[in-house]
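I have placed the structure first, in the form of structure tokens, so that the comments after it can refer back to it.
The values are calculated or read from the model by the stated rules, or taken from the named source; none is laboratory data. Keep in mind that this is a model prediction, so the values were computed, not measured. When we count neighbours, we look across all protein chains shown, and the Cβ atoms used for this are built from the backbone with ideal geometry, even at glycine.
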Amino acid sequence: MKILLSLIAFSFTLALCQGRYCKYSPHKAEIKDGKPVLPTECTDPYDGSKHPLGSKWNTAQCMECTCSERGMECCTRYGGTVNVPGCKAVVNPNTCKYEFYKLDDPSKPCF
């Protein structure tokens, strides 16, 4: 029984580490005084806040964003697609981790 539980836990760990969704936005040069000028900061696509080049921040939407000279990349802070038979995976916005609930009774956790 202990081996079975260990294998199940290991399977969930692998499922959660499958990968992350990322979105990349390259910088666009602006023309000022007839010359192209690259931005010196990134604008958070979720709340509009400004961040300097070289910075990294977390958004309220469970994304981790990085601002570089080339552009901005935002990736999910939780694992990739998770499929647990009989359960629905929901990202908790406070912890940015998956929580699993029974399909037939969403008020009950699977584990």
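Observations
- Of all residues in the stretch 28-52, exactly one satisfies the criterion of being crowded, with 16+ Cβ neighbours inside 10 Å and farther than 28 Å from N92 by Cα, namely P39.
- Residue match in the stretch 42-58 (condition: among the aliphatic types (A, V, I, L, M) and assigned to a loop (DSSP other than H, G, I, E, B)): yes
- Any chance K50 is over 15 Å from the mean Cα position of the chain (by Cα), at pLDDT 95 or above and of a type in the set (K, R): yes
- Tally of residues being farther than 26 Å from C42 by Cα and of a type outside the set (D, E, K, R) across the stretch 56-90: 9
- Of the criteria (1) modelled with pLDDT under 90; (2) hydroxyl-bearing (S, T, Y); (3) touching an Asp or Glu at 6+ places or on another chain (Cβ under 7 Å), which one T13 fails: (3)
- Whenever a residue of the stretch 88-100 is more than 11 Å from Q61 (Cα to Cα), its partners that are assigned to a strand (DSSP E or B) and among the β-branched types (V, I, T), lying with C-beta atoms within less than 8 angstrom and at least six residues away or across chains, give the pairs K97/V91; Y98/V90; Y98/V91; E99/V90; E99/V91; F100/V90.
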